[in-house]
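The values are calculated or read from the model by the stated rules, or taken from the named source; none is laboratory data. Predicted model, so just to flag it, every value in this text is computed and none were measured. Don't worry about glycine lacking a Cβ; one is built from the backbone with ideal geometry, like all the others, and counts go over all protein chains shown.
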Amino acid sequence: MAKLREELEWQVRIFKRGSMRVLSLFIGGGTPSAVPYEEIEKTMEVIQSCYPIYSDWEASIECNPESASKEALEAYQRSGINRLSFGLQSTQEELRFWEGSISFPPSLPPIRKPKLGFKNISIDLMNGIPLQTPESYRKTLKNISLLKPEHLSIYNLIIEKGNPLLCSGQEGKLPLPSEEELLEMDALTKEWTKKMGMSPYEVSNYAKEGFFSVHNYGYWSNVPYLGFGIHASSYFQHKRWKNTNKLPLYLSLPFFEKEDSSSIKSGQRPVEKSLDETSSSSHLPILQNEKSCPSIEEQLCEDLQVLTKEEEMEEFFYLGLRRTSGVSEIDFVKRFSVDMHKIFGAVLEKLCREGYLLHDNAHYRFTEVGMNLSNVLLAEFLL
């Protein structure tokens, strides 16, 4: 966690302080609630001292119901965290199949809001997992409804070709839900989220009015984001990259020497180069400090992709159409200075004609049938 805080301080140089503010924060990547809450408090202090944030920002932390103690939750609130995301997955016996998974009912009591003090709680569920049936999934949704969360993320388990689980399912060794059962579960999702007063705002996300996830919605809206820590992903200034997944390398990176770190905390920061001032071979600004390793970016960042205009146009649709609000013709023109119909007119007309897209008020959005087939239909927008 100390090294993560060093990276947070170091990366301030590419976040244009003063011209941008932080809309949301998500502390995830495993089970942050297993980390001593004092470390979370220290990290929140660094974030709020280094980065300009909106006063009404959304700050979430991912929690395991069984590792989030009362003391930890109180510490999270003190530090500025205002939203909890519980990875419950299921409340039924099928989760015993997964090694290390929590089971119901022990995981339920810690989530009850009167004991938490948080006004914004999200729960993650999965359907299509081995041994699950529509009836067990219905019981899960009923149990979740008793908790009255503000937000639900419900993901379909997708088993890739070659995965041992898929082979076991095909051989009949492991009961996987059938296509018919998966459709029944999707219908149950719509039924029970409606009962809970929630509406869908994205393919896998449901929320009560005023509680959609700012962080999730920003991702599907191409809002830039920075990721910190092992294997964290970033999207900033037309580039995507990931941090290294090699822990020894990450821990060895000399973000600052002791003198530099102390100067950061006292409000003095090393001079940075702008993107225009860096060499053509560099994709990130290089900190101009002789005590910093000149190749930190090269060691830290992997899979760097500089997006072309065409790729960003594809992502505009590929991400934006996952939202129930769809994509805006005006937003496309503002961003790319071209009418979307000149590039995607044929596919838009085709999908509207086939009943998968609706076109109204200068917006395109999927119909219910189109949303159910979105993973297939979105491939139509690849140039």
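May I ask you to say which residue of 206, 217, 235, 201 is farther than 28 Å from residue 138 by Cα, of a type in the set (Phe, Trp, Tyr) and outside any loop (DSSP other than H, G, I, E, B)? Reasoning before the result, please.
Numbers: 206 fails: farther than 28 Å from residue 138 by Cα; 217 fails: farther than 28 Å from residue 138 by Cα; 201 fails: farther than 28 Å from residue 138 by Cα.
That would be 235, the only listed residue that is farther than 28 Å from residue 138 by Cα, of a type in the set (Phe, Trp, Tyr) and outside any loop (DSSP other than H, G, I, E, B).
Taking helices (runs of 4 or more DSSP H) as the structural unit, those lying wholly within the range 286-383 and holding at least 3 residues that are closer than 30 Å to residue 247 by Cβ correspond to 296-300. Of the listed requirements (1) touching a Pro at 6+ places or on another chain (Cβ under 9 Å); (2) in a loop (DSSP other than H, G, I, E, B), residue 230 misses just one: (1).
Within the range 21-41, the residues that satisfy the criterion of being surrounded by fewer than 16 Cβ atoms within 10 Å (Cβ to Cβ) and part of a helix (DSSP H, G or I) are 34, 38, 39. The set of residues in the range 121-144 being at pLDDT 90 or above, in contact with a Phe, Trp or Tyr (Cβ under 6 Å, 6 or more places away or on another chain) and not in a strand (DSSP E or B) consists of 141 alone. Criterion applied to 68, 59 was being closer than 18 Å to residue 121 by Cβ and part of a loop (DSSP other than H, G, I, E, B), and the one residue passing it is 68. In the range 1-21, the residues that are farther than 13 Å from residue 52 by Cα and modelled with pLDDT of 90 or more form Cβ pairs under 8 Å with partners that are of a type in the set (Lys, Arg) and in a helix (DSSP H, G or I), at six or more places apart or across chains, as follows: 1/42; 5/42. Mind listing whichever residues of the range 145-187 are closer than 19 Å to residue 371 by Cβ, touching a helix residue (DSSP H, G or I) at 6+ places or on another chain (Cβ under 8 Å) and modelled with pLDDT under 90? Listed by number, the list holds a single entry, 156.
Just the residues that are of a type in the set (A, V, I, L, M, F, W, C) and farther than 22 Å from residue 83 by Cα, please, taken from the range 118-159. Hits for the range 118-159 are 129, 131, 157, 158, 159.
The set of residues in the range 324-354 that are surrounded by fewer than 14 Cβ atoms within 10 Å (Cβ to Cβ) and closer than 25 Å to residue 205 by Cβ contains only 330.
Entry remark, the range 58-78: residues being buried (at least 17 other Cβ atoms within 10 Å of the Cβ) and touching a Ser or Thr at 6+ places or on another chain (Cβ under 8 Å) number 10 in total.
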